[in-house]
Each structure stands twice: as C-alpha cells, then as structure tokens.
Amino acid sequence: MGLVDEILVHNEKFVADKEFEKFETTKFPEKKLVILSCMDTRLVELLPQAMNIRNGDVKIVKSAGAIVAHPFGSIMRSILVAVYELKADEICVVGHHDCGMSKLNSESFLSKAMERGVSSEKIETVKYSGIDLDQWLKGFEKVEDSVRDSVETIKNHPLLVENIPVHGLVIDPATGKLDVIVNGYEN
C-alpha cells in the first residue's frame, strides 16, 4: 500500500468518527496574524506550540527558508490575500537555525536532480531560457539576514499598506526559543 493510500484509509475513519469537529473554525484568523515560516519538518508542531497558536488562530504560509524570493510570486500573493481578503492585521516571518536553505548551492542541488533523473539537456534548456539557476537556488549565510531580507521585501511591497506591522523572528528547532530580529511595531 502506498503512502497516499494509507492516508486515505486513515481519512475515511477520521471523517466517519467525526474527529474533524474539534478543529472547526472559520477561514478568518482569530489572532489576525499571517505567519511565513519555513517548511522544515521540525516546525510542524513546534512552531504553533512555541507561539501559543491553535487551529484557527493564524494563517500560515510556508516556503523553503521562509524566503520571499520574488515580490510578485505566490508567497507574497498569499500574504496579501491573508491581509486583504482574510483580515490579517500583522505579518510575522519566522526563520530557524540549522535551516537547509543555509547550505543550499546550485551545483549540489542540480547534481542531486540529475542523480534522480533530470537530464543535463533540461538543465541547459532552463539556463538558455534566461533563468539564473545560481541565483534561483541560492541559500543564505545567516538566518537572521535572510529573515531581515524577507521582512524588507514584504514591508516595501507596493500593495501592502504602511500600517501593517511586519515582524521577523528566528526559532531554535531544538528548544522552540524565539528571538526577535525585527520588531514590526518599531519600524
């Protein structure tokens, strides 16, 4: 049985036993906050617990490294939808120590892609199409700098009103300790 099949078997019982009832809420975040966090597996349950967040409290957007790579990409669009359509009043970027994006480099990434079956011809086609893979697959040196960069990209977006606080935090995935990098109330 494949992983999705296992999930569907579990889901059938979940629905039949009405386990969903304990998660009922609205689509609007109770705490009026949208969080951009990393997709790291260690943060799935740790981050909400460390931030005292329950189901229905916030909107959570995830990306590798909690990075807003492009001001008009899907991450920024999701944040803006949370603000204007879903009534979030604050934004918080949460990066973490020991992030996989801090070690990312294009050469290693593309080598792994080729090992899994992506042809060198496809990689060359992407390069010839004008995509700078070194830039697109670039990680960061310090998580604090990356969080500051994402906060600045969000804060300076032309479609975001100036009175929305944009915070930047870093969480320790071993302990859940949060450190403030950017206090959105002060900027």
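Qualifying GluC sites (Glu not before Pro) in segment 1-97, where qualification requires a DSSP coil assignment and no more than 11 other C-beta atoms within 10 Å, comprise Glu24, Glu85.
Taking the accessible area of segment 1-79, probe 1.4 Å, and keeping the other protein chains in place, the carbon and sulfur fraction comes to 56%. Electrostatic bookkeeping for Asp172 treats Lys and Arg as +1 and Asp and Glu as -1; over the other residues with beta carbon under 9 Å from its beta carbon, the sum is -1. Each other residue within a Cβ distance under 10 Å of Leu36 adds +1 if Lys or Arg and -1 if Asp or Glu, for a net charge of +2. Apply 1/(1 + (r/R0)^6) to the Cβ-Cβ distance of Glu30 and Asn163, taking R0 = 22 Å, and write down the FRET efficiency to the nearest 0.05. Efficiency at R0 = 22 Å is approximately 0.60. In sequence order, segment 87-97 has phi-based couplings of 6, 6, 10, 9, 10, 9, 9, 10, x, 8, 5 Hz under the Karplus curve 6.51 cos²θ - 1.76 cosθ + 1.60, θ = phi - 60°, and Gly or Pro positions carry x. In order along segment 27-36, the phi-based Karplus estimate (6.51 cos²θ - 1.76 cosθ + 1.60, θ = phi - 60°) of 3J(HN,Hα) comes to 7, 8, x, 4, 8, 6, 10, 10, 10, 9 Hz; Gly and Pro are listed as x. Only helices enter this figure: runs of n ≥ 4 DSSP H residues, each worth -39500 (n - 2.57), summed and divided by the residues of the chain, yield -11000 deg cm²/dmol at 222 nm to the nearest 500.
The modelled label-to-label distance for the pair Val4/Val81, using points 7 Å beyond Cα in the direction of Cβ, is 2.1 nm. Gain on full extension, evaluated as 0.36 nm per residue between Lys18 and Val118 minus their Cα-Cα distance, stands at 31.7 nm.
Note: relative contact order over segment 1-66, using C-alpha pairs below 8 Å and six or more positions apart, is 39 percent. The trypsin sites (Lys or Arg not before Pro) of segment 117-169 include none that meets both conditions, a loop assignment by DSSP and at most 10 other Cβ atoms within 10 Å of the site Cβ. In the full protein context, the chain carries 65 Å² of accessible surface per residue, based on a 1.4 Å probe and ignoring ligands, DNA and RNA.
The values are calculated or read from the model by the stated rules, or taken from the named source; none is laboratory data. Keep in mind the model is a prediction, meaning the values are calculated, not measured. Positions of Cβ are generated from backbone atoms using ideal geometry, with glycine treated the same way; all protein chains shown enter the neighbour counts. Ligands, DNA and RNA are stripped out before the accessible areas are found, and what is left, the full protein with its side chains, is counted by its heavy atoms. Shrake-Rupley method; radii C 1.70, N 1.55, O 1.52, S 1.80 Å.
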